[in-house]
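Below is one structure, written out as structure tokens; the observations come after it.
The values are calculated or read from the model by the stated rules, or taken from the named source; none is laboratory data. Keep in mind it's a predicted model, so treat the numbers as computed, not measured. Counting neighbours? That spans all protein chains shown, and the Cβs are built from the backbone with ideal geometry, glycine included. Calculation scope for accessible area: heavy atoms of the full protein, side chains included, ligands and nucleic acids excluded. Shrake-Rupley method; radii C 1.70, N 1.55, O 1.52, S 1.80 Å.
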Amino acid sequence: MSGFSFSTRAVHAGQDARTTTGDVVPPIHLSTVFVTERVGELTGGYEYARGGNPTRDSLQEAIASLEGGGSAFVFPSGMSAEDTLLRAITRGGDVIGYGTDMYGGTLRLITQVLAVEGRRHVAVDMLDLANVEELLVTENVAVLWVETPSNPLLDVYDLVSLSEATRRAGTLLVVDSTLASPFLQRPLELGADVVVHSTTKYIGGHSDVIGGALVVAEGLELGHNVQSLSGSRLVADEVAFFQATVGAVPGPFDSYLAGRGLKSLEVRVRRQSETAQQVAEFLDAHPLVERVFYPGLPGHPGHEIADRQMDGYGGVLSFLAASPEEAIRICEATNLFTLGVSLGSVESLIEYPAVQTHAAKDDTPWPIDRSLVRLSVGLEHPEDLIDDLRQALG
Ligand SMILES: *Cc1c(COP(=O)(O)O)cnc(C)c1O
């Protein structure tokens with residue numbers, strides 16, 4: 001499929017029906033075990049579904065194709081993808097660098113769960129590249145974890161500059177590209193080593209499946225001091241070994257749903273980005289809104305970088321209400337925007353990050369502003385959404 005454009009690959013990559021009945025949609029493979037006609041030889045390439053399953057493979061093939069990566073792996077959740085990756089590419093004593101604005105769950109994983117096994121962690125404000133350069137010379141950083149656009153402040157980090165810096169330092173650059181989706185941003189093309197998605201969000205796109213994915217750059221190797229457990233120096237082999245060993249695998253029906261969502265990703269995200277731009281402009285002009293965070297606004301600090309590295313600004317935005325009380329009141333006053341913590345789906349959501357998604361940041365030097373409200377714009381009509389916000393703002 002490599003000669004085809006994004007839209008065509010989204011519909012067709014990994015979709016060979018592998019059947020004699022001519023299904024246009026490949027069937028969901030439920031079998032946990034596959035026939036082997038001879039001892040030690042796989043008949044159809046599969047043996048036991050923890051190690052591999054055709055429905056999972058078709059989703060992996062589609063995501064790898066869209067991100068332009070060597071290989072993709074799918075997981076039962078975004079967090080499980082992150083956990084498996086970080087365990088596969090770091091060992092006790094290694095340092096993980098991460099941004100000051102990112103998903104609360106990732107912060108907990110790095111600073112609480114992975115930390116008990118001796119992995120160290122350092123936060124760095126990546127809006128100023130000098131901070132990253134300094135960190136990379138003062139610490140031996142195994143992995144730099146970047147979420148861009150970031151959640152919930154929509155910071156946009158310059159992936160070309162970051163990848164040049166990590167390459168010089170021998171550090172692996174991992175990009176959580178969930179907020180952008182593969183349609184708006186392809187980090188591997190900008191020099192990143194691994195891309196992470198919560199497929200629960202834009203890829204699934206319908207709030208009905210939890211899932212995650214990793215895409216590993218072709219030929220990527222483990223850091224020099226990382227002892228391989230798989231016997232291979234390739235990150236893809238090490239991830240496959242960890243995934244099959246710990247059993248971090250999604251079920252066939254979940255894999256099917258994420259793949260079904262992926263086919264319409266482009267049209268959904270195009271429309272969501274257009275609507276989010278209108279919503280951002282409405283909020284920006286509203287007297288009761290203090291500040292809007294959306295890369296599509298010319299005044300946003302990441303606007304120019306987003307123009308360079310993204311194909312649109314996405315469907316998520318946040319804003320500061322006049323006070324914490326006002327922020328909570330607005331979250332509870334909308335009718336069309338559902339009060340709920342996820343993002344990237346067909347229905348619009350509103351949430352209060354300081355309590356609902358980012359309480360893990362309370363103990364950091366970068367706690368969430370208690371007047372912040374986050375929106376995820378869905379596929380409803382832009383005028384209806386703006387009317388809803390207008391009545392909620394009062
Ligand atoms: C939701 C999310 C995750 C975690 O994914 P789950 O599928 O909920 O486990 C990670 N990163 C970002 C940016 C997210 O929005």
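Every residue, every condition in (1) within 27 Å of Leu184 (Cα to Cα); (2) touching a Pro at 6+ places or on another chain (Cβ under 9 Å); (3) outside any strand (DSSP E or B); (4) open to solvent by less than 10 Å² (accessible area, probe 1.4 Å), yes or no:
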{"site": "Ser58", "(1), (2), (3), (4)": "yes, yes, yes, no"}
{"site": "Asp83", "(1), (2), (3), (4)": "yes, no, yes, no"}
{"site": "Ala88", "(1), (2), (3), (4)": "no, no, yes, yes"}
{"site": "Arg91", "(1), (2), (3), (4)": "no, no, yes, no"}
{"site": "Thr106", "(1), (2), (3), (4)": "yes, no, yes, yes"}
{"site": "Gln112", "(1), (2), (3), (4)": "no, no, yes, no"}
{"site": "Ala123", "(1), (2), (3), (4)": "yes, yes, no, no"}
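Taken over the range 221-267, residues that are open to solvent by 20 Å² or more (accessible area, probe 1.4 Å), out of contact with any Ser or Thr (no Cβ under 7 Å at 6 or more places or on another chain) and under 23 Å from Ser181 (Cβ atoms) amount to 9. Taking the numbered list (1) open to solvent by 30 Å² or more (accessible area, probe 1.4 Å); (2) within 14 Å of the ligand (Cβ to nearest atom) in turn, Arg270 passes all entries but (2). With respect to the conditions (1) within 21 Å of Leu265 (Cα to Cα); (2) among the hydroxyl-bearing types (Ser, Thr, Tyr); (3) open to solvent by 10 Å² or more (accessible area, probe 1.4 Å), Ser348 falls short on a single one, namely (3).
Scanning the range 79-99 for residues that are among the small types (Gly, Ala, Ser) and either in contact with a Cys (Cβ under 7 Å, 6 or more places away or on another chain) or within 16 Å of the ligand (Cβ to nearest atom) (or both) returns Ser80, Ala81, Gly99.
This table checks each residue for (1) part of a loop (DSSP other than H, G, I, E, B); (2) touching an Asp or Glu at 6+ places or on another chain (Cβ under 8 Å).
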| position | (1), (2) |
| --- | --- |
| Arg291 | no, no |
| Ala306 | no, no |
| Leu317 | no, no |
| Leu320 | no, yes |
| Val346 | yes, no |
| Trp366 | yes, yes |
| Gln391 | no, no |
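With respect to the stated conditions, Leu317 fails to be closer than 13 Å to Leu179 by Cβ, touching a Lys or Arg at 6+ places or on another chain (Cβ under 7 Å) and not small (Gly, Ala, Ser).
The strands (runs of 3 or more DSSP E) falling completely within the range 152-228 that include 1 or more residues that are in contact with a His (Cβ under 8 Å, 6 or more places away or on another chain) and farther than 23 Å from Thr138 by Cα map to 172-176, 212-216. Take the conditions (1) part of a helix (DSSP H, G or I); (2) within 15 Å of the ligand (Cβ to nearest atom); Met102 misses just one of them, which is (1). When we screen Asp284, Asp311, Asp362 for residues that are of a type outside the set (Phe, Trp, Tyr), farther than 17 Å from Ala392 by Cα and modelled with pLDDT of 95 or more, the only hit is Asp311. Put simply, of Gly40, Gly14, Gly51 the only residue that is exposed (fewer than 14 other Cβ atoms within 10 Å of the Cβ) and more than 20 Å from the chain's Cα centre (by Cα) is Gly40.
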